[in-house]
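Here's the structure, in structure tokens; my notes come after.
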Amino acid sequence: YRSNDNGTDGGKTKDVKEMIAKLRTIPIYYWTEQFVNLLFSGYIPVKEENTPFYIGPVNTMISYNGMEKIRLKFGGMTTAYLNPHLFGTAHLIYGIDDKRLKYSGRLEYSFKPKKEQWNEFPVHSLRLQYDNDIYQYGQQYIYTNKDNFLLSLKRLPDNMIGYVRNAELTYTLERHSGFSFTGILRNRVNEATKFITMEKSDGSGSVDEIMQTELEIGLRYAPGEKFVQHKWNRKSKTPELPVFTLNHSISKAGVLGSDYSIQHTEFSYRQRLMAAPVGYFDVMLKAGKVWGQAPYPLLIIPNANLSYTYRKETFETMTPMEFILDQHLTWDVVYYMNGLIFNRTPLIKNLKLREVLYCRGTWGSLSNRNNPAIDSSGNIFSYPTDKSKATGTVMKEPFVEIGGGVENIFKIASVNFFKRMTYKNSPDVDQWGLRIAVHLQY
């Protein structure tokens, strides 16, 4: 809060703080506030003011998946009140069914002191991170945690799961100009499981794991971008401005344990396009290519959503590993109509509902050297087989799904319906899907 020169606003702020302090002495107000804060943040502070440590996220402490069945997770993160330059995060994870202890940890040094959290703009840091955990192939969690308990209920068996051990050293530099640079040195080990097998395509045997050590360079350009900083995250408040990213990784067989010589290039563009007075469009375009010969764990697997909760930039009617590609063009276009129809409909207009339309798709291919049905060198792996899912479908035309929905239901919820438009004859796939979402805001 920034007060005026005459100091009157500062006095008002003091009065508000005193009023809130009195309200917190009332048990029902205090516990309601604690519950709402937990619902929004997912974290529990170890002390009410200037806490040095948060426990959580609470919504990941217990969840379910096909490998671990019941998954238990406990940990937390430090804040700048412990050290304004050094930030740590750690979690212990245990799967009831696989009886395997897993863990993750991150230690980040910020070259500039922070007020509370490590991700306050601009970030200039060096981070060391290690994860020993499960990996869900074909399910990337871009805007949420993979073990959020709300995602535990699945529309199909969630068993395309392997193990991964991933170590990263990351340097990040963000500038006020909108340009940011990321350099990552990564060592990653993909481990086979009963679901994710690594059988050589020539039938000569199998391997238990593969290792890659790679260097990745990432560039991001978002001219004029501004953020709203929350306690645990930040959000862009200028979505109408374009955001461009370019990432390129390279690894060489035999160098630092790498099993394959490959390169991976990825480009993306995101922007909100205003179309007043009829609403606006959120547009995401992404293109990528893997250069060289690599088995399916190192290729491009489009992002599928198995839960009944709506997720951005995922395919709602696709199955994990339905398509495996080494080059792709992917799009996600959402049209927010802002009540264009409902505001002109008697009775309904009083509900303040909002219409939304979706069009998502991906178009790519797999070269012969990376296709286990064609290549017989034994350098790559046959696809895992699962009779309940379409796996490794040859892409001859774009995969497309469309959808429509209603937002602002009771001010917080949305209901969306999606329809698969291509590859309708693939075995055991969903032709349509119903997804819900809750948007909690202060």
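Yes or no: residue 362 of a type outside the set (A, V, I, L, M), touching a His at 6+ places or on another chain (Cβ under 6 Å) and open to solvent by less than 40 Å² (accessible area, probe 1.4 Å)? Let's see the steps before the verdict.
Working: of a type outside the set (A, V, I, L, M): yes; touching a His at 6+ places or on another chain (Cβ under 6 Å): yes; open to solvent by less than 40 Å² (accessible area, probe 1.4 Å): yes.
Spelling it out, residue 362 is indeed of a type outside the set (A, V, I, L, M), touching a His at 6+ places or on another chain (Cβ under 6 Å) and open to solvent by less than 40 Å² (accessible area, probe 1.4 Å).
For residue 250, the criteria (1) part of a strand (DSSP E or B); (2) under 25 Å from residue 145 (Cβ atoms); (3) open to solvent by 50 Å² or more (accessible area, probe 1.4 Å) hold in every case but one, which is (2).
The residues on offer are 66, 88, and the sole one that is surrounded by fewer than 19 Cβ atoms within 10 Å (Cβ to Cβ), in contact (Cβ under 8 Å) with a residue 12 or more places away in the chain, among the small types (Gly, Ala, Ser) and farther than 20 Å from residue 152 by Cβ is 88. Just to be sure before I move on: is residue 256 surrounded by fewer than 15 Cβ atoms within 10 Å (Cβ to Cβ) and touching a Gly at 6+ places or on another chain (Cβ under 8 Å) in the structure I sent? In short, no.
For the stretch 349-359, the set of residues classified as open to solvent by 40 Å² or more (accessible area, probe 1.4 Å) and in a loop (DSSP other than H, G, I, E, B) consists of 352 only. The residues of the stretch 409-434 that are surrounded by fewer than 17 Cβ atoms within 10 Å (Cβ to Cβ), of a type in the set (A, V, I, L, M) and assigned to a loop (DSSP other than H, G, I, E, B), listed by number, are 412, 421.
Within the stretch 332-342, one or more residues are of a type in the set (S, T, N, Q), crowded, with 16+ Cβ neighbours inside 10 Å and at pLDDT below 95.
Only one of 335, 383 is hydroxyl-bearing (Ser, Thr, Tyr), under 25 Å from the mean Cα position of the chain (by Cα) and under 21 Å from residue 192 (Cα atoms); which?
On the way: 335 fails: under 21 Å from residue 192 (Cα atoms).
The unique qualifying residue is 383.
If only residues of the stretch 390-405 that are of a type in the set (A, V, I, L, M, F, W, C) and within 22 Å of the chain's Cα centre (by Cα) are counted, the one that is surrounded by the most Cβ atoms within 10 Å (Cβ to Cβ) is 399.
Among the residues of the stretch 269-327, those identified as closer than 23 Å to residue 398 by Cβ, open to solvent by 10 Å² or more (accessible area, probe 1.4 Å) and part of a loop (DSSP other than H, G, I, E, B) are 299, 301, 302, 303, 310, 311, 312, 313.
Just wondering, is there one or more residues in the stretch 393-408 that are under 26 Å from residue 264 (Cα atoms), of a type in the set (Lys, Arg) and part of a loop (DSSP other than H, G, I, E, B)? Give the steps one after another, and end with the answer.
Looking only at the stretch 393-408, we keep the residues that are under 26 Å from residue 264 (Cα atoms), and these are 393-400.
Of the ones still in play, those that are also of a type in the set (Lys, Arg) are 396.
Then drop every residue that is not part of a loop (DSSP other than H, G, I, E, B), which leaves 396.
Yes, the stretch 393-408 contains a residue that is under 26 Å from residue 264 (Cα atoms), of a type in the set (Lys, Arg) and part of a loop (DSSP other than H, G, I, E, B).
Only a single criterion out of (1) of a type in the set (A, V, I, L, M, F, W, C); (2) touching a Phe, Trp or Tyr at 6+ places or on another chain (Cβ under 7 Å); (3) modelled with pLDDT of 90 or more; (4) open to solvent by 30 Å² or more (accessible area, probe 1.4 Å) is not satisfied by residue 381, namely (4).
Could we say that residue 340 is part of a loop (DSSP other than H, G, I, E, B) and either free of Cβ contacts under 8 Å to residues at least 60 places away in the same chain or not hydroxyl-bearing (Ser, Thr, Tyr) (or both) here? So that I can check it myself, show each step before the final result.
On the way: part of a loop (DSSP other than H, G, I, E, B): yes; either free of Cβ contacts under 8 Å to residues at least 60 places away in the same chain or not hydroxyl-bearing (Ser, Thr, Tyr) (or both): yes.
So residue 340 fits the description; yes.
Selection of the stretch 116-154 for residues being under 22 Å from residue 311 (Cα atoms), in a loop (DSSP other than H, G, I, E, B) and either open to solvent by 30 Å² or more (accessible area, probe 1.4 Å) or without any contact (Cβ under 8 Å) to a residue 12 or more places away in the chain (or both) yields 140, 141, 142, 143, 144, 145, 146, 153.
In the stretch 26-71, the qualifying residues are those that are over 30 Å from residue 193 (Cα atoms) and among the aliphatic types (A, V, I, L, M), and the one that is modelled with the lowest pLDDT is 39.
Residue 278 meets each of the listed conditions (1) hydrophobic (A, V, I, L, M, F, W, C); (2) farther than 23 Å from residue 312 by Cα; (3) at pLDDT below 95 apart from (2).
When the stretch 253-268 is examined, which residues are found to be assigned to a strand (DSSP E or B) and within 15 Å of residue 297 (Cα to Cα)? Working first, answer last.
Pass one, the stretch 253-268, residues assigned to a strand (DSSP E or B): 262-268.
Passing the criteria: 262, 263, 264.
Just one of the listed residues (269, 296, 310) is of a type outside the set (Val, Ile, Thr) and over 22 Å from residue 135 (Cα atoms), namely 269.
The values are calculated or read from the model by the stated rules, or taken from the named source; none is laboratory data. Every value quoted in this text rests on a predicted model; they were computed, and no experiment measured them. Cβ: placed from backbone, ideal geometry, glycine included. Neighbour counts: every protein chain shown. Each accessible area value is taken on the protein alone, full model and side chains, heavy atoms only, with ligands, DNA and RNA left out. Shrake-Rupley method; radii C 1.70, N 1.55, O 1.52, S 1.80 Å.
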